[in-house]
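The values are calculated or read from the model by the stated rules, or taken from the named source; none is laboratory data. All of these numbers come straight from a predicted model, not from anything done at the bench. Counting neighbours? That spans all protein chains shown, and the Cβs are built from the backbone with ideal geometry, glycine included. Quick note on the areas: whole protein, heavy atoms, side chains included, nothing else; ligands and nucleic acids left out. Shrake-Rupley method; radii C 1.70, N 1.55, O 1.52, S 1.80 Å.
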Amino acid sequence: MKKSLSSFIALCFLVIVLETGRVKATSRDLNDVILLANQQIQQPYRTGYHFQPPSNWMNDPNGPMLYQGVYHFFYQYNPYAATFGDVIIWAHAVSYDLVNWIHLDPAIYPTQEADSKSCWSGSATILPGNIPAMLYTGSDSKSRQVQDLAWPKNLSDPFLREWVKHPKNPLIIPPEGVKDDCFRDPSTAWRGPDGVWRIVVGGDRDNNGMALLYQSTDFVNWKRYDQPLSSAIATGTWECPDFYPVPLNSTNGLDTSVYGGSVRHVMKAGFEGHDWYTIGTYSPDRENFLPQNGLSLTGSTLDLRYDYGQFYASKSFFDDAKNRRVLWAWVPETDAPEDDIEKGWAGLQSFPRALWIDRSGKQLIQWPIEEIEELRQNEVNLQNKNLKPGSVLEIHGITASQADVTISFKLEELKDAEVLDTTSVDPQVLCNERGASSRGAIGPFGLLAMASKDLKEQSAIFFRVFQNQLGRYSVLMCSDLSRSTVRSNIDTTSYGAFVDIDPKSEEISLRNLIDHSIIESFGAGGKTCITSRIYPQFVNNEEAHLFAFNNGTQNVKISKMSAWSMKNAAFVVDQNVKSAA
Ligand SMILES: OC[C@H]1O[C@@](CO)(OC[C@@]2(O[C@H]3O[C@H](CO)[C@@H](O)[C@H](O)[C@H]3O)O[C@H](CO)[C@@H](O)[C@@H]2O)[C@@H](O)[C@@H]1O
């Protein structure tokens, strides 16, 4: 039975691959496909449509870009183990649609003194003449973090399989005052109106995190600008800074070298395990970036985060084929390292998200790229369904372990909302204190995903409405993982954030991408995002259930709901791969 199911899944993979019409189907492909399909069956936590390598450790996304119609995705990878290691390299995969992937041989690995220990994170810049250039951090023989340059050996190979390194590497060494191990992750470069290239590199001075600014006319000789482009007190080293323009009043993206009156800039930095961002105005002539709220990134609960769950070291790129900015992020494991060793792998990537500035101009919106819809099947719908206080409603007809679910809630009466001054409250603490089983008035209501039939295991993604003394409402969004598994040694901390909507006049929507051990949740059309990792013991594949629930004392109406089972994306190993054989 198991064998025929695995052959069936393998066949499905193959059909998808053949349908792309671009990958030669050979017996070797089929074997690889069967191998990956078997892993899926034997390993309940492997994903169906979220990117992951066949095995081993993966962390940050590196240098995503589009070149000659092919999307390239590089990532931090340990070729030897399922844990972070002494040697980390750039693994490489390509795709025609950001959904189905072909794994290639690693692209960038230690070959020089300037990267002899590891090749750490970095970014792609497309230089004039359509030449991709990768700036990345090398850990040199003395474990010093330096910035290096590599480019493709053969520009006529759209898969860009081989990469060469600049003989002058390292091009940038840690400046005075920045410790050798606190200087990394060069950004995509942008060019000012003066034709000069700029990048930021993450670092810190005396524990004050910063995006150090460098300039170059030839992409090889880089000079540091006196002032960092952005900095903050006591945040520690900024990792993987990203700096890019977003147009006002548009969902489009912009090339990284665009400026102008109707453009704002986003500064993103990773520290304390989260990706923080601020929106502001950048003047290349004065070389300054002014955050619009006057605040730099501080890591306080007032700061904005891309995602309030597990989502780190993200990187965006401009996709000029679809005029959009696309965001990738590493989604770490929250099980124990021993579990990862046993699984033989660790780390996922978020499903690529399009990103743009909200109409308010105050925050970003993120939404899974539209190509995800090619994986949808077996649509089920609901409309105008009342969720009585204390009720649970099972959503039948989809594969609940691999699904895309959108649901909108309509609240008729808000006057009984719990009273709480939310201005000085940490939403994550609130979600941990008042989980899905803590009865409220308007909520908690939402979805119970990856749930067992008896609800002993369940991951609750829900909303709860509060009002302050003046009758102003706040909407809290939580991912309550406290009952996500009966296993021990799993981090089941809940996540939470407020959602910037007015529940008096707006419905509250929730989209969930469920994929075995990951749930990406998008509140209010992508205003608030929470990514969760889950490791249920009893719930997988056929045994997974999905419910809508309302544990408030007031009625909640599901105004509409659409849910789909998701097909597996194709993840195949290129037939020329030497290292993965
Ligand atoms: O792969 C190196 C790149 O990863 C980054 C951001 O994720 O730095 C991570 C860092 O190591 C810590 O994070 C590891 C997982 O990413 C963790 O498993 C390890 O135990 C931590 O030390 O890598 C260096 C070297 O350890 C450390 O200074 C970072 O915090 C990014 O900044 C790197 O380019």
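Along the Cα→Cβ direction, 7 angstrom out, place labels at residue 141 and residue 286. What is the inter-label distance in nm?
Those two pseudo-labels are separated by 4.7 nm.
Tell me which of 263, 199, 145 sits at the most positive position along the dipole axis of the stretch 43-368, charges placed on C-beta atoms (Lys, Arg +1; Asp, Glu -1).
Of the listed residues, the answer is 263.
Taking the DSSP beta bridges in the chain as the whole, what percent of them are antiparallel, to the nearest 5?
95 percent
For the stretch 54-191, what class follows from the C-alpha gyration tensor (a ≥ b ≥ c being the square roots of its eigenvalues): rounded when a/c is under 1.5, otherwise prolate if a/b is larger than b/c, else oblate?
Oblate.
What value, in deg cm²/dmol to 500, does the helix sum -39500 (n - 2.57) over DSSP H runs of n ≥ 4 give at 222 nm once divided by the residues of the chain?
-2500 deg cm²/dmol
What are the principal axis extents of the Cα atoms in the stretch 443-506, in Å, biggest first?
So the three principal-axis extents are 43, 23, 17 Å.
If we count every other residue with Cβ under 9 angstrom of residue 104's Cβ, Lys/Arg +1 and Asp/Glu -1, where does the sum land?
Net of charged neighbours comes to -1.
Report, in whole Å, the centroid distance computed from the Cα atoms of the stretch 330-408 and the stretch 445-490.
If we compute the Cα centre of each part, the gap is 14 Å.
Calculate the FRET efficiency for residue 298 and residue 500 from the Cβ-Cβ distance with a Förster distance of 25 Å, rounded to the nearest 0.05.
0.80
Classify the stretch 43-368 as rounded, prolate or oblate, taking a ≥ b ≥ c as the square roots of the eigenvalues of its Cα gyration tensor: rounded when a/c is under 1.5, otherwise prolate if a/b is larger than b/c and oblate if not.
Taking the square roots of the gyration eigenvalues as a ≥ b ≥ c, the stretch 43-368 is rounded.
Mind scanning 453/527; 385/456; 410/504; 453/567; 268/315 and naming the pairs with a C-alpha gap bigger than 20 Å?
453/527; 385/456; 453/567
Per 0.36 nm of contour for each residue apart, how much would the distance between residue 394 and residue 576 grow if the chain were fully extended, relative to their Cα-Cα spacing?
Additional length available on full extension: 60.9 nm.
Filter the trypsin sites (Lys or Arg not before Pro) in the stretch 128-205 to those in DSSP coil with at most 10 other Cβ atoms within 10 Å of their Cβ, and list the result.
Passing sites in the stretch 128-205 are 142.
Grab the beta carbon distance between residue 415 and residue 562, set R0 = 25 Å, and tell me the FRET efficiency rounded to 0.05.
The pair residue 415/residue 562 has a calculated efficiency of 0.25.
If I compute solvent accessible area with a 1.4 Å probe over the protein chains, what percent of it on the chain is carbon and sulfur?
49 percent
I'd like the FRET efficiency for residue 491 and residue 264, computed as 1/(1 + (r/R0)^6) with the beta carbon distance as r and R0 of 30 Å, rounded to 0.05.
After rounding, the FRET efficiency stands at 0.30.
Between 383, 210, 462, whose Cα lies farthest towards the positive end of the dipole of the chain when Lys and Arg beta carbons carry +1 and Asp and Glu beta carbons carry -1, centred on the Cα centre?
Result: 383.
Nearest 20 debye, what's the magnitude of the dipole of the chain about its Cα centre given +1 on Lys and Arg Cβ and -1 on Asp and Glu Cβ?
I would put it at about 720 debye.
What whole-number distance in Å separates the alpha-carbon centres of the stretch 184-226 and the stretch 539-565?
The stretch 184-226 and the stretch 539-565 have Cα centres spaced 47 Å from each other.
Per-residue HN-Hα couplings for the stretch 159-164, Karplus 6.51 cos²θ - 1.76 cosθ + 1.60 at θ = phi - 60°, whole Hz, x for Gly and Pro?
Rounded to whole hertz, the list is 7, 6, 5, 10, 10, 10.
Hey, can you find the accessible area per residue of the chain for me, probe 1.4 Å, expressed in square angstrom?
Result: 39 Å² of accessible area for each residue.
Which log10 I(q)/I(0) values does the chain give at q = 0.09, 0.11 Å⁻¹ under the Debye formula, counting every alpha carbon as one identical point scatterer?
For the requested q values the scattering log ratios are -0.68, -1.03.
Note down the nm distance, to one decimal, between modelled labels 7 Å out along Cα→Cβ at residue 83 and at residue 130.
Once both label points are built, they end up 4.6 nm from each other.
Just subtract the alpha-carbon distance of residue 386 and residue 251 from 0.36 nm times their residue separation and send over the number in nm, one decimal.
Between residue 386 and residue 251, full extension yields an extra 45.2 nm.
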